[in-house]
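J.: Next up is a structure, given as structure tokens.
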Amino acid sequence: MVKASPAHDLLLVERTLDGDFDAFEELVERHRMDVFRVAASIVGPDEADDVAQDAFLRAFHKLDTLRGDSFRSWLLRIAHNRALNVLARRKPDLVDPVEEPQRLEGEERPRQDPARSLEESERRARLASKLEQLRPAHRSVLVLRDLEGFSYEEIAEVTDSPLGSVKGRLHRAREELIELLRRNTYDWELPDEP
């Protein structure tokens, strides 16, 4: 498979519009993990597959409306919006923002002290619960930037927001999260406010 690039994505889009469905399958394969992570960051991993499938289906049917030069950003915007719609229809579930890294087949899991493992698991659950308390717009920019490593420009495209709004939301989201975490500083070793 050719390394993902915006130009190659656009070539695959053109081929799909000309009836080459294998080209769309390649687009799905290239971007499915990004779409899944964006969806999971908003609705949680249990519903992320459904949101991702819906996003790809919508993208396929609306492919002729793609404007601009970034299929990836357009697709992630669709996934982001679908996830927000799902979230709006239900009470949010816990999102586990810290996933264990995948291991190669046959690679042994390092031994860990059971008490330490339990403590880390509880910390992840508490962090997820704090993230859940953020407004969806704040949570999504925070996860996209700090956990997924998206650039501000990519987040602006995905969330269909002006760059300044993204930076402002991210700043407010971080402040809000820090304040939530300060409520149990024993967990996070954050200094009290000066």
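Read-outs: derived from the displayed coordinates by stated rules, not from any lab. Note that the structure is a prediction, hence the values are computed from the model and not measured. Using ideal geometry, Cβ is built from the backbone for each residue, glycine included, and neighbour counts are taken over all protein chains shown.
J.: Around E148, under 10 Å between beta carbons, what's the net of Lys plus Arg minus Asp minus Glu among the other residues?
T.: Local charge sum for E148: -1.
J.: Right, here's the next one. Any chance you could run the full-extension gain for R58 through R172? It's 0.36 nm times the residue separation minus the Cα-Cα distance, nm to one decimal.
T.: Here the segment from R58 to R172 would lengthen by 37.9 nm.
J.: For the residue pair D146 and R123, what label-to-label distance in nm results when each label sits 7 Å from Cα along the Cα-to-beta-carbon direction?
T.: Calculated label separation equals 1.5 nm.
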